[in-house]
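Note sheet for the following structure.
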Amino acid sequence: MNLSPELIDCYRQVRVAVTGASGFIGRWVARGLSTCRAEVFLLVRDADAAAPIFTRYSICGRIVPVDLTCREAVEAVCEEIRPAVVFHVAGYGVDRAEREENGFLHVNVHAVQHVARAAAKYHDPSWPWVQFVHVGSVAEYGPIGGNLTESSRENPATLYGKSKLAGTRALAACCAETRLRGVTARLATVYGPGEHRGRLLPSLLEAAAATEPVCLSEGLQKRDFTYVEDAAEGLIRLAVTRAAPGEVVNVVTGELTTVRSFTQTAARILGISPARLAFGSLPVRYEEEMEHGPISNVKLRELTGWTPSIAVEEGIRRTVDFLAQSSPQENHV
């Protein structure tokens, strides 16, 4: 992550908290903040499991175990830390193993309420910009079609999308009631080191070491593939803007790529023979797909003067290079 000196200066010695800090996106946000020499508090469920991840990703900070679904526990942590800004990256449902209805409710909705209200009550008043960055999802828009902008009328169809939208609205309500300067950053299809097993790129990485056919859908669905370093940098940049309390901002590339094209690019880089790519051998999960046009990143550019720039091929190569330095058990989390 090549952060500008001006951005680094904004965070130097500033107290920041990252929830879900050992997760896929959270670890990259924490890594970027470490680069900025911020005083980082790494909020996690399991400190013992998180510690080796932070070492592997060169993350410096204080590990704080906390149950984000417990209001009292969250308040106690925020009262002690008094962060200038909170990056609320914790979430439930990206991992395909996470499908419990109560998990969607407690993590994607209630935890947002607890952390936002605690941040509003216990914060560093000297911080002049956004105080709370909540990670949302383009799944909140649902299968509404057309180009997606922040003013599009949401109609999510999945439990994940519905719960993330409820969390976004809970944050907006908290901002209105408490004057918390919070924003929701909607991410699309983020990929890179640390991504969950079973998702597209990790599956292709595993397939590179085998010889059998790689079972795939037709791959005609289009997605906004955003490399994880770009996604994390977008969150870090949003926190030093004058975004309106409760505002929603798409943190995306603004370009769509078919799953087939992404797969073919990855296969070429990984040395997987095109003959092994069995497109059409798996059904499309229509309940999880959203047909739409490009997702706008105009607001992101207006607020930050920046947009994601790492192209798919470069992002895949960076992933391969990063994981090549890891032991096999560290390639996926």
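The values are calculated or read from the model by the stated rules, or taken from the named source; none is laboratory data. Here the structure is a predicted model, which is why all the values come from computation and not from measurement. A quick note on method: Cβ atoms are made from the backbone with ideal geometry, for glycine too, and the neighbour counts reach across all protein chains shown. Calculation scope for accessible area: heavy atoms of the full protein, side chains included, ligands and nucleic acids excluded. Shrake-Rupley method; radii C 1.70, N 1.55, O 1.52, S 1.80 Å.
Residues that are of a type in the set (Ser, Thr, Tyr) and within 22 Å of residue 305 (Cβ to Cβ) within segment 1-60 comprise 4, 11, 35, listed in sequence order. Could you tell me whether residue 43 is under 22 Å from residue 121 (Cβ atoms), open to solvent by less than 60 Å² (accessible area, probe 1.4 Å), part of a strand (DSSP E or B) and in contact (Cβ under 8 Å) with a residue 24 or more places away in the chain? Against the criterion (under 22 Å from residue 121 (Cβ atoms), open to solvent by less than 60 Å² (accessible area, probe 1.4 Å), part of a strand (DSSP E or B) and in contact (Cβ under 8 Å) with a residue 24 or more places away in the chain), residue 43 qualifies. Of the numbered criteria (1) touching a residue at least 24 places away in the same chain (Cβ under 8 Å); (2) within 19 Å of the chain's Cα centre (by Cα), the one residue 10 fails is (2).
Please enumerate the residues belonging to segment 100-128 that are surrounded by fewer than 15 Cβ atoms within 10 Å (Cβ to Cβ) and either in contact with a strand residue (DSSP E or B) (Cβ under 9 Å, 6 or more places away or on another chain) or touching a residue at least 40 places away in the same chain (Cβ under 8 Å) (or both). Spell out how you get there, then give the answer.
The first filter runs over segment 100-128 and keeps only residues surrounded by fewer than 15 Cβ atoms within 10 Å (Cβ to Cβ), leaving 100-102, 121, 124-126, 128.
Within segment 100-128, 101, 121, 124, 126 qualify.
Summed over segment 230-246, residues that are surrounded by 21 or more Cβ atoms within 10 Å (Cβ to Cβ) and over 15 Å from the mean Cα position of the chain (by Cα) total 1. What about residue 210, is it free of Cβ contacts under 8 Å to residues at least 12 places away in the same chain, within 22 Å of residue 316 (Cα to Cα) and open to solvent by 20 Å² or more (accessible area, probe 1.4 Å)? Yes.
Looking at segment 161-177, can you tell me whether even one residue there is closer than 24 Å to residue 304 by Cα, surrounded by 21 or more Cβ atoms within 10 Å (Cβ to Cβ) and among the β-branched types (Val, Ile, Thr)? Yes, segment 161-177 contains a residue that is closer than 24 Å to residue 304 by Cα, surrounded by 21 or more Cβ atoms within 10 Å (Cβ to Cβ) and among the β-branched types (Val, Ile, Thr).
Go through segment 6-30 and give me each residue that's buried (at least 24 other Cβ atoms within 10 Å of the Cβ) and among the charged types (D, E, K, R). Listed by number, the list holds a single entry, 27.
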